[in-house]
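As structure tokens, the structure follows; a few thoughts come after it.
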Amino acid sequence: MAKSDGAKRPLLPCSASQPAFVAGAGTVRLLSVNVWCHYFTALRSLVVPNLPGVLPMLPFGRRLDAIAELVESTGADIVCCEELFLLRLGPFVLEGAWARFAERMEAVGLIHRSDPRESLPWVFGQNSGLALFSRWPLNDIQSCAFSQSSEFFNRKGVIHALVTPPNFPRPLALCATHLDKRASAAKRAQFEQLGAVASARLATEQPGPRAEALVLCGDFNAQPAESTEWKSLVGALQQGDIKKDIKKQPPSAEAVGFRALNGWDSTSPAAAWPATHGQRTDDHVFLLTPLHSDGGQGRSPSGATTVRFAACEPHRVEEASSSTGSLTGLAASDHQAVISEFDLQE
């Protein structure tokens, strides 16, 4: 894959009505990707035929290197990974995949990262598989397992932190997650837990600096075609019926809920959203901003700035030939990466 020359190429706008967005001062480029380093699925892959058009699952390193080259070529400032698992076998921990990718991220300037061991089980199984890598310091990193899950061999959950990019007056809350694959009561509980995390991160009464906005990304295993599940997810993120809450309260600057803008553009029909996992749109990026009872949204208490969802696009991660540098056409994961961009708007 072509090496980056240090300049960020323009991304597609998140809405067709906007012009192509070019990175500038006060912008953040984020790459979210399911890297497919699942130890138990890897064992199964030894006897199950490979997916067409996708690199063999093993060895992990070959695919991780292709993803690392995408990070370098796109100039991502923050990388959020799903399925970058560690595996505990009693006193032993297999962490080679994570260590290899962390080394590659450090080489491209993403020197700040989360600790994957915080989500390891006590005796046996995989951790959450979630990992954050950043060009800027990550503060107040918290990792928590979902209180309910139908998947027993890994600790699915959420990881969140604060990061303050250059020219941002306040931190940006960063949150990555990986939800259960199948619809269930446990998955609905996960939606609620995500909503609680977002509410806590954006709460005005919390000690310390309040986040300017919250970026939530990952593998949600949910898509708009599944209307009930999708509405449950978005409703949990918005903290209930916001419009109803506004009508109950007198005009003020207090936040009564959150606007959850999806990077694929919520004004587009579901059929127009890109397939990121097979024929499904499972991978998403949300921008959550406070929605105030006076109708305002995403503004800091001073009213000076707001965070804008500037661009979002899917990207099929392909391996490059070691001899020619040209793409081989083989994907490094069964998911597409999602590259998004945020900026400050006066």
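Quick notes on this one:
- Per-residue extension of 0.36 nm, minus the Cα-Cα distance of SER147 and GLN345, leaves a gain of 67.6 nm for this segment.
- In this view, the solvent-accessible surface of ASP77, computed with a 1.4 Å probe and all protein chains in place, comes to about 10 Å².
- Direction-averaged projected area, Cα convex hull, the stretch 72-168: 6.9 nm², rounded to one decimal.
- Accessible-area value, TRP136, 1.4 Å probe, nucleic acids and ligands omitted, Å²: 40
The values are calculated or read from the model by the stated rules, or taken from the named source; none is laboratory data. Keep in mind the model is a prediction, meaning the values are calculated, not measured. Just so you know, the surface numbers come from the protein's heavy atoms only, side chains and all, with ligands and any DNA or RNA stripped out. Shrake-Rupley method; radii C 1.70, N 1.55, O 1.52, S 1.80 Å.
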